[in-house]
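Notes follow once the structure below has been shown.
All of the numbers you see were taken from the coordinates with simple rules; none came from a lab. These numbers come from a predicted model, not from an experiment. Cβ atoms come from the backbone with ideal geometry, glycine included; neighbour counts cover every protein chain shown.
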Amino acid sequence: MATSFLAILVIVVLAVQGPLRGFWIFLAATALGAAAAFNLPALGGASILVADLAALTIFMMVALHRGGLALIVGTMRPGQPGFWLILLVVFGLFATLFFPALFRGQTEVFSLSRDLDGGGIVRSKLRPSTGNLTQLFRLILGGAIFFATATVFRVRPDARIALIAVAITTGFNAALGWLDVLTYAIGLPEALDILRSANYSMLDAATMGGIKRMVGAFPEASTYGYFSLGLFGFWLRFWFSQPKSLLGRVMLALATVAVLRSTSSAAYVAFVAYVVTVTLGLALVGARQQVNRHSVSIALSFVMAAWLSVIVVVVSYELVTPIRDFFDTTLFDKLEGDSGVERMSWNAQAFLNFAETYGLGAGLGSVRGSSWLMATLASIGVIGTALYLMFIGSVLFNREARHGGGERASVIRALRSGALALLISSLLTGATPDLGLIFFAFLGLATGLARGAQLERGDEPNQFWPSTAISRNNPPPSARL
C-alpha cells in the first residue's frame, strides 16, 4: 500500500525535524483524510491513518524527551484546559470499556457495521463491538495531540510556526481538491485512489447538479467540507485581525472556495451559521470597545456582503432553472427526503439511548447520531459531555489574546475561531463525539501559545523553571524540543 510508505516517510521526517519545526508535516497530513497507513482486519477492518501515526509520533517525541513527561503533566494542571481533557479521556475510557456490557441489550442503537459490503448504518441491540475500541482510540489520539502541541508551543510560543503550518495545510488541501476535480474532468477519476486506501465508503466520484463534488483526499464531500470549514474559520478571523496580510487574504480565498466547491449541504449550513455567529459576536464585543473599530467595520461589511449574496442567490433561485436545480439537490431535497428523515431518526434514537442508560451513556462507538451534542450525550452521558464542554470552553473563552493586535494574539484568536467553526458544523451534523485531529491541534496550539505568552510576561511563575529562563531563543535545556 503506497500510503504505508508515505506514513513511514512522514514519521522519518518528523523524527529528523522535531515536533516544533516539523509540526507543519503533521498538520498537512490531516488533509489526507482517507489515506490509511494500514488497516486492522482484527478490528473489523478499522483504518489507522497517516495523520494518526504522525500524531502519535509527535506525542512520543515530546513524552520521551528529557523532562518531556513532566512538561506534559504541567499541561494537565487543575484549571487548565488539559485538566478537563485528561478527566474526559479517563471517563471516556471507563465508559467505553464498561457501559456497553453494563447496558447490554437494554436499548437499541444506530451504529456503523462493517459486516456489510462497504459498511453501513444498522439498528441493533446495544452490545460491545469493535467500534467501541476505534472511537476510544480516536479520543485518546485527540488528547495525545492536544497535550503534545500545547506542551511544545508553551515552551516555544512561536506563532509564526503555527501560522505557516496552517497556511501549508490550507494550500495542500486546496491543491488536492482541485486535483480531484481536474483528474475527473480529464477522465482519470482513479488518479487519487492511491491516497484513498482507508476502509471507508468512498463517494469520490459523486456529482451534484452536473458538477463534480470536490472531495480532495477525503472519502466524501461532507468530510472535505468539514475540514475546509475549519481552515476557513481560521483565516476569516485572522483576516479580521490582520486585514493587510497578503497571506491571510490568499489563504482565506482558497479556504472559502474549498468550502463552497465541496457542494456539501452540511458544510453550507454550517458555513452560514458560523459566519453569523462570528460577525454578531464581533459586533457585540466591539460595542463594548474590546476590539478595534477596524475589525468591527470589516465584520459588519462582511455581513452586508453576505446579505447581498443571499439576496442574489434567492433571486437566482427563482429565475434561473440550473441554480434552482442545484440548490434543490444540494439542500432542500435532502432535508425533506429519506436521508434527512433517517438522520433525524438517529438523533431521536440517540436521545432514547441517553435516557435508557440513565444519563450515563452507552460508550464511545456504540451510538451514531446526526448532531455532536446528541451523539456525545448518548455515548458518554452527562458527565462526559460536561467534561468535553468544560475542555472546549476553557480554551475558547480564555482571556489571553482577547486584547491586542500582534501576530501571536491574531493567531490565537484565529485558532479558536477555526475550532469554533468545526464545533458548529459538528453540532449541526456530527455523527460521533470525535471532532477530528485538526480540532484538537487547533485547541492545543491556542492553549500553548496563550500559556507561553503568559510565562514570557512573567504573569505566573513556571512550576518547572523560572519564567526568566524562557524565551524564544533561549529555552531551558530540558525544554529544547
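Details
- Legend: calculated FRET efficiency, Ile140 to Arg399, from the Cβ-Cβ distance at R0 = 35 Å, rounded to 0.05, equals 0.75.
- Extension gain from Leu246 to Glu407, taking 0.36 nm per residue of separation minus the Cα-Cα distance: 56.6 nm
- A cut-off under 13 angstrom between Cβ atoms defines the neighbours of Gly393, and their net charge, with Lys, Arg +1 and Asp, Glu -1, is +2.
- Under the simplified labelling scheme, the Ala2-Ala355 pair shows an inter-label distance of 5.1 nm, with each label point 7 Å from Cα along Cα→Cβ.
- Residues with amide H under 5 Å from that of Met208, placed H, sequence gap 5 or more: Arg213
- Highest average first, the peptides 62-73, 430-441, 192-203 ordered by how many other beta carbon atoms sit within 10 Å of their residues are 430-441, 192-203, 62-73.
- Three-way shape label, segment 31-125, alpha-carbon gyration tensor, a/c 1.5: oblate
- Highest-first arrangement of 19-26, 177-184, where packing means the average Cβ count within 10 Å: 19-26, 177-184
- Ranked by how many other beta carbons lie within 10 Å on average, peptides 392-399, 361-368 from highest: 361-368, 392-399
- Here the simple spin-label model places points 7 Å from the Cα toward Cβ, and for Arg21 and Ala70 these points are separated by 2.6 nm.
- Pairwise label distance in nanometres, Ala63 with Ile194, each label 7 Å out on the Cα-Cβ vector: 3.3
- Prolate/oblate/rounded call for segment 14-78, Cα gyration tensor, a/c under 1.5 rounded: prolate
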